[in-house]
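Working notes for the structure below.
The values are calculated or read from the model by the stated rules, or taken from the named source; none is laboratory data. Predicted model only: the values in this text are computed from it and were never measured. Every residue, glycine among them, receives a Cβ derived from its backbone with ideal geometry; neighbour counts consider all protein chains shown. Each accessible area value is taken on the protein alone, full model and side chains, heavy atoms only, with ligands, DNA and RNA left out. Shrake-Rupley method; radii C 1.70, N 1.55, O 1.52, S 1.80 Å.
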Amino acid sequence: MSKTLAFEEPIVKLREKINELEEFTSTNEVDLSEEIGKLKTRLSNLETEIYSNMEPWDRVQVARHPERPTTKDYIAELFEDFMELHGDRSFGDDAAIIGGIGFFESMPVTVIGHQRGKDTKENVKRNFGMPHPEGYRKALRLMKQAEKFGRPIICFIDTKGAYPGKAAEERGQSEAIARNLIEMAGLKVPVVSIVIGEGGSGGALALGVANHIHMLEHSTYSVISPEGAASILWKDASLSKQAAEAMKITAPHLKEMGIIDEIIPEVLGGAHRDPKAQAVEMRKVLKTSLDSLSEMNANEIIDDRYNKFRAIGVFSE
Amino acid sequence: MIREFFTKKKQAITIPSADAKNDVPEGIMTKCPDCKQIILTKDLIKTAKVCPKCDHHFKMTAWERVECLFDENTFKSMDDHLKSENPLKFPSYTEKIASDSEKTGLNEAVLTGIGKIGGNEVAVAIMDSHFRMGSMGSVVGEKITRAIEAATDKGIPVIIFSASGGARMQEGVLSLMQMAKTSVALQRHADKGLLYISVMTYPTTGGVSASFASVGDINLAEPKALIGFAGRRVIEQTVREKLPDNFQTAEFLLEHGQLDAVIDRRNLTETLAKLVGLHVREAN
């Protein structure tokens, strides 16, 4: 059984009650099937009610669920003949970003994504999905390679942010991110980015200067984590629930602000409940995106990206 | 009468706060926060606000930089009419913008325009850290983007003076996206083979450091300017070690290959004029 989140508790309690009753009827000679049937209907209603009325903070919890599918999980579902390619050719290979080539619907594509771990050991290896500069430089190398061979690029965004460490600063964390932004702006091939978990600040944006940006329903994309926002704005990290609301970081909010293109619906309760079914939903959106972009020539692709970001901002003249 | 005399005297006593020691009131004299030397303010202006004793670079307002930088009467500002909104409806955000606007005489944390340096026309964006810590929201992003676009249209160099704490929290993800917006504009400018010089001043951090500030054809910085992606405190908490004193200074970045040069402000105008001159192409 997967980890229970606070807002899911009523569902779990009811499910436990049903299980108890079922167990009771199997060992005793009483027929409670009618009651159990009623409770099961109530359970499904309750699930629909709770999962379709999730607050921003609930979504943050789902986005951070330890079993939430990662880039690797989606690569396995969506691409054929995938081969991972390593290294930035100047310093090292950052396991917090993975990338490679494969087929999507018989079309060669380059895939790049932040990579978290699902347990402590893997998280240590992957640095909790928080990249160093060499991660961004590897991503850029693979993007330029994709451009050379005319392959579309698909990016999965899933990071709390770029790693705030000493070595990262020494090797130019700022420059690595900044370079990706400006180079992605000029890529002659289509770029589609999908936020699959947390999209944390510049470290997320460095894989996000795309023609189309989509978000899984319960993923987040923000300039700062709710905890960080609460401590900067109100000097109190415990107000992160309120900050999650105020900062407008969920997929519906970003769609409303015109920053993202599509919200990819999640399976009831979150992607971790059925990664395969989730990948099916993603495949549809990805295919539509790539199909529409494949009609553009290189200049149109660059202009399309320019127009997309050029239009973002709220001000008055 | 006598009683009144005593109370009056009592009222006149003020106890200076701890801050006041470092804070000589603005006016005739200015105290250097580094070497504590008292300097005549009018002398300080002659030295481009650099302490004559210890070379400390005082913070400058955007308009003070304009004074130092351009050939006389050639600078014309642009987009002074853009106004920030409050897209996330943050309490008191609108009031804070209004009060900083009054304090600095700017509509937002960046002053943009076109002027001549050493006889050559350039577009500039000069950030001002006195306005909301120089943080970048929608208007800052828009003004910088328009300045870059103006440079692209006119086929002239663009120079950006960064002075910023990073993205502006109160505008949320819209602020983050300004990093991308300015980048797409810079890419177009670069694509035309035009020169972009980034001048990093105290402080250049967060989202500004991680976007346009770090990708100049030539990256310059003022001495001892604080430049970095993450905040020092955050890094210390993450890596659990004490960072060296010069960490994230201009000199540290130069040593680590992130800058082309650290330039004393008194030589900055001359340096920029020379660099721009080196990139002037013969008009056909």
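If you scan region B:139-168, which residues turn out to be surrounded by 24 or more Cβ atoms within 10 Å (Cβ to Cβ) and assigned to a helix (DSSP H, G or I)?
B:Val139, B:Val140, B:Gly141, B:Glu142, B:Lys143, B:Ile144, B:Thr145, B:Ala147, B:Ile148, B:Ala151
Quick one: is A:Val285 of a type in the set (Val, Ile, Thr) and either crowded, with 20+ Cβ neighbours inside 10 Å or within 17 Å of A:Ala63 (Cα to Cα) (or both)? Please lay out each step first, then the result.
On the way: of a type in the set (Val, Ile, Thr): yes; either crowded, with 20+ Cβ neighbours inside 10 Å or within 17 Å of A:Ala63 (Cα to Cα) (or both): no.
Taking the combined requirement at face value, the residue does not satisfy it.
Could you please find all residues in region A:141-171 being away from chain B (no Cβ under 12 Å) and open to solvent by 20 Å² or more (accessible area, probe 1.4 Å)?
A:Arg141, A:Lys144, A:Gln145, A:Glu147, A:Lys148, A:Phe149, A:Gly150, A:Arg151
Considering only residues that are of a type in the set (A, V, I, L, M) and closer than 18 Å to B:Ile148 by Cβ, look in region B:76-111 and name the one that is nearest to the other protein chains (Cβ to nearest Cβ).
Among residues in region B:76-111 that are of a type in the set (A, V, I, L, M) and closer than 18 Å to B:Ile148 by Cβ, the one nearest to the other protein chains (Cβ to nearest Cβ) is B:Leu82.
Please pick out the residue among B:Ala185, B:Ala221, B:Ala213 that is open to solvent by less than 10 Å² (accessible area, probe 1.4 Å), of a type outside the set (Val, Ile, Thr) and more than 8 Å from every other protein chain (Cβ to nearest Cβ). I'd like the intermediate steps shown before the answer.
On the way: B:Ala185 fails: more than 8 Å from every other protein chain (Cβ to nearest Cβ); B:Ala213 fails: more than 8 Å from every other protein chain (Cβ to nearest Cβ).
Residue meeting the stated conditions: B:Ala221.
For (1) part of a loop (DSSP other than H, G, I, E, B); (2) over 15 Å from the mean Cα position of the chain (by Cα), each residue gets a yes or a no:
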site	(1), (2)
A:Tyr221	no, no
A:Lys235	yes, yes
A:Ser238	no, yes
A:Leu254	no, no
A:Val267	yes, no
A:Val280	no, yes
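For region A:177-233, which residues satisfy the criterion of being more than 8 Å from every other protein chain (Cβ to nearest Cβ) and among the β-branched types (Val, Ile, Thr)?
The answer is A:Val189, A:Val191, A:Val192, A:Ile194, A:Val195, A:Ile196, A:Ile213, A:Thr220.
Specify which of the listed residues (B:Asp19, B:Asp23) is at pLDDT below 60, of a type in the set (D, E, K, R) and touching a strand residue (DSSP E or B) at 6+ places or on another chain (Cβ under 8 Å).
Working: B:Asp19 fails: touching a strand residue (DSSP E or B) at 6+ places or on another chain (Cβ under 8 Å).
Of B:Asp19, B:Asp23, the one residue that is at pLDDT below 60, of a type in the set (D, E, K, R) and touching a strand residue (DSSP E or B) at 6+ places or on another chain (Cβ under 8 Å) is B:Asp23.
How many residues are in contact (Cβ under 8 Å) with a residue 12 or more places away in the chain and open to solvent by less than 30 Å² (accessible area, probe 1.4 Å) when one looks only at region B:236-251? Spell out the reasoning first.
Step one: of region B:236-251, the residues in contact (Cβ under 8 Å) with a residue 12 or more places away in the chain are B:247-251.
Next, only the ones that are open to solvent by less than 30 Å² (accessible area, probe 1.4 Å) stay: B:247-250.
Adding up the residues that qualify gives 4.
Considering only helices (runs of 4 or more DSSP H) fully contained in region A:1-113, which possess at least 3 residues that are among the polar types (S, T, N, Q)? Full working, then the answer.
Numbers: elements: A:9-27, A:33-52, A:56-63, A:71-78.
Counting at least 3 such residues, we get A:9-27, A:33-52.
Name the pairs: first residue in region B:107-127 and closer than 22 Å to B:Gly166 by Cα, second residue open to solvent by 30 Å² or more (accessible area, probe 1.4 Å) and outside any strand (DSSP E or B), Cβ to Cβ under 6 Å, at least 6 apart or on different chains?
B:Asn107/B:Asp80; B:Ala109/B:Arg132; B:Gly113/B:Phe75
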